[in-house]
Structure formats: structure tokens, C-alpha cells
Amino acid sequence: MIPTKAVSKEIERIDQLFYTYADGSSSMIDPEGIETLCSHLEVPHTDVRILMLAWKMGCEKQGYFTLDEWRTGMKALRADSISKLKKAFPELVQEVTRSSNFQDFYPYAFRYCLTEDKKKCIEIPVACELLNLVLSLQFRPQVEKLINYLKHQNEYKVINMDQWMGFLRFCNEINFPSLDNYDADQAWPLILDNFVEWLRASEN
């Protein structure tokens with residue numbers, strides 16, 4: 001019987017940790033609770049690891065952790081205290097950046113930023129921040145140019161999922177900075193054709 005007792009002890013500690021940050025009336029960790037959690041973890045709340053944590057928990061709503069989500073994430077990370085959670089971060093970063101997981105994390109990051117239920121797009125400034133957060137770890141030169149382009153162009157006010165996924169595909173498939181294998185006749189989102197045109201023009 002020992003294992004189950006140990007497991008229930010761990011769950012108890014995980015729950016206790018949850019209620020340290022949860023809002024009494026909603027029984028969820030809300031944005032304020034997340035800020036407190038971040039200060040205890042000694043990371044800014046805009047740190048990509050917090051987004052990775054939300055992914056690990058399978059969080060549905062930006063800025064809110066439910067008890068079930070919290071349990072899912074903490075059990076997976078074997079963390080029932082702040083110090084264990086801190087220690088789990090490097091492993092979590094490694095896990096997310098493995099390409100099979102990143103294919104799941106990258107669209108998750110986009111969906112997580114859709115603050116309202118029926119929203120399908122994120123605003124350009126948010127998209128720029130998000131690109132910087134999730135893609136620049138692996139593709140900094142491309143992301144810097146892409147953000148620069150997005151801030152200077154006037155055609156697009158928002159980014160949809162198709163365009164968002166196109167950015168990742170571009171980083172994975174296109175030789176950079178030469179762009180010699182970019183073919184506009186392939187099924188790229190128009191925004192990427194425009195981006196490549198803009199890049200080539202700024203080269204000349």
C-alpha cells in the first residue's frame with residue numbers, strides 16, 4: 001500500500017502549492033496569482049518557460065490555471081514545491097524544443113494568445129512578441145527580420161493560424177539569408193511572399 005500513500009502525499013503537496021496562488025473566490029490561479037508564482041520562481045511573467053508550463057498543463061485559457069491543469073503539469077514534472085519546479089525548467093525547455101513537441105507547442109502558443117473565445121487572429125504587436133518568445137530560440141536571424149517586416153508593413157493588422165504556421169515552415173525549410181530555395185509558386189501564405197519580396201528589396 002505504500003506507493004498509493006506516497007502518491008496521495010504528493011498530490012496533497014501539489015494541491016497545497018496550488019492554493020498558495022489560487023484566488024479564493026474563483027478557485028483558479030488568475031493573472032495575479034501567476035505573477036506571484038513567477039516572482040517566487042524568479043522569472044518574469046513574460047518568460048517563455050511560463051508559456052511552456054501552460055503547455056505542459058494543457059491550459060485552456062490564457063492567464064488562468066485550474067486545479068486539474070495544475071495537477072496534470074506538476075505530476076508530469078514531478079514538482080510539488082517551488083524549488084522542484086525551478087529544477088524542472090531546464091528539462092521542460094529541452095522537452096519543448098524537441099522538434100516533435102515543438103510542432104505541438106508552436107500552434108499551442110498561438111491558440112493560448114487568443115484571449116476571446118471566437119477569436120481567430122492575434123494582433124501584429126502580440127504576434128511579434130510571441131515570435132520573439134517561441135521562435136527566436138532556434139531561428140533568431142529569421143525572426144528578427146520577420147518582426148522588422150511585420151512592424152513596417154501596413155497591409156496586415158492581424159495574423160491567423162495559417163500565417164503563423166507558415167512562419168515556422170519558412171524557418172524550417174528556407175535557406176537563410178540566401179532565400180535561394182524560396183518558390184512563390186508553392187503554397188505559401190501571401191504574407192510570406194511579401195516578406196521575401198521585402199527582404200530581397202532591402203538587400204539591393
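The values are calculated or read from the model by the stated rules, or taken from the named source; none is laboratory data. Since the model is a prediction, treat every value here as computed from it, not as a measurement. Note that each Cβ is placed from the backbone with ideal geometry, even for glycine, and that neighbours are counted across all protein chains shown. The area values use the complete protein model at the heavy-atom level, side chains included, leaving out ligands, DNA and RNA. Shrake-Rupley method; radii C 1.70, N 1.55, O 1.52, S 1.80 Å.
Tabulated data for the structure shown
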read-out	value
Spacing of the two label points (7 Å from each Cα toward its C-beta) at LEU67 and GLU129, in nm	3.1
Most fluctuating residue given options ASP68, ASP23, ASP185, as computed from a GNM of the chain linking Cα atoms under 10 Å	ASP185
Reciprocal mean inverse distance between Cα atoms of the chain - Kirkwood radius, Å	18.8
Solvent-accessible area per residue, Å², over the chain with all protein chains present [probe radius 1.4 Å]	56
Cα-projected label distance for THR4 with ARG98, points at 7 Å along beta-carbon direction, nm	3.1
Trypsin sites (Lys or Arg not before Pro) within region 70-179, DSSP loop, no more than 15 other Cβ atoms inside 10 Å	ARG78, ARG98, LYS118, LYS119, LYS120, LYS157
Span from the region 56-134 Cα centroid across to the region 183-203 one, whole angstrom	30
Charged-residue dipole, Cβ positions (Lys, Arg, Asp, Glu), region 100-203 about Cα centre, Debye nearest 20	340
Inter-part distance where region 31-50 and region 165-182 are each reduced to a Cα centre, Å	33
Leading residue at positive end of dipole, the chain (Cβ point charges), from ILE50, PRO189, LEU67	LEU67
Dipole moment magnitude, nearest 20 debye, region 26-143 about Cα centre, only Lys, Arg, Asp, Glu C-beta charged	400
Rounded tilt (10° steps) of 99-112 against the dominant C-alpha axis of the chain	90
Most fluctuating residue given options SER27, SER136, SER178, as computed from a GNM of the chain linking Cα atoms under 10 Å	SER178
Fraction of accessible area attributable to carbon and sulfur, the chain (%, probe 1.4 Å)	51
Calculated FRET value between LYS118 and LYS84, using beta carbons and R₀ = 45 Å, to 0.05	0.75
Within the chain, helix-based [θ] at 222 nm, where runs of 4 or more DSSP H residues each add -39,500 (n - 2.57), nearest 500	-21500 deg cm²/dmol
Crossing angle, helix 48-57 versus the chain [Cα axis fit, 0-90 degrees, rounded to tens]	60
Dipole magnitude of region 118-157, debye to nearest 20 (Cβ charges: Lys/Arg +1, Asp/Glu -1, about Cα centre)	180
C-alpha long axis of helix 82-97 to longest principal axis of the chain, angle in °	30
